[in-house]
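Here the structure comes first, spelled out in structure tokens, and everything after it is commentary.
Here, each number is a calculation from the coordinates, and none is a lab measurement. What you see is a predicted model, and the numbers here were worked out from it, not measured in a lab. Neighbour counts are summed over all protein chains in view; Cβ atoms, including those assigned to glycine, are modelled from backbone coordinates with ideal geometry.
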């Protein structure tokens, strides 16, 4: 009986995280109210505090969850590749029109970064830890190519990718949006070609 109750609670928590993830990606932190998150999870607001002590805790956990899922999708897009080819495939996937046009899935950073900077330490720590994992993964691929300072280069590549996607989403519907994605992809490709 206790196990069934714990399993139900875990499923409810997952529904809350899923709903919060969609809203964070679409509307940012301030646009994802607890009421909307709970409505999206098919639950009442009163049940929120049985799962999270505060909205900030929810935001931190959702950021972790969505960044892990996004990283898994990116890694899957580069499956079977190594070194610079892996990084190139991952960057093409991240900087694609499909990723730009579907903010409900994928990376939450374009819609949340400006607000994360003003959040408390718990939220910023969640971002730092998850970005650290992603950067380490890319750095390990760059190290395979013999890149000097692979971690620094991985940080630069992520900055280009996130900045490019954020700008492309802001310009969505214009030809400039497509040009931003293409320019960022080409810049990364040129860098990777020169690193070999």
Pop a pseudo-label 7 angstrom from the Cα along the beta-carbon direction at both residue 73 and residue 186 and give the gap in nm to one decimal.
2.6
Got the relative contact order for the range 1-149 handy, in percent, Cα pairs under 8 Å and 6 or more residues apart?
30
Between the range 1-39 and the range 153-196, how many Å separate their Cα centres?
32
Angle, helix 2-27 long axis vs. longest principal axis of the chain, Cα atoms, 0 to 90°, nearest 10?
50
Using helices alone, what [θ] at 222 nm do you get for the chain, with -39,500 (n - 2.57) per DSSP H run of 4 or more residues, divided over all residues and rounded to the nearest 500?
-25000 deg cm²/dmol
If each residue of separation counts as 0.36 nm, what is the full-extension length gain between residue 4 and residue 82 once their alpha-carbon separation is subtracted?
23.7 nm
Could you give the semi-axes, largest first, of the ellipsoid that matches the range 1-135, computed as the square roots of 5 times the alpha carbon gyration tensor eigenvalues and rounded to whole Å?
28, 17, 14
Here the gain from full extension of residue 121 to residue 36, 0.36 nm per residue of separation minus their alpha-carbon distance, amounts to 28.2 nm
Fewest first, what order do 65, 120 take by the number of other Cβ atoms within 10 Å?
120, 65
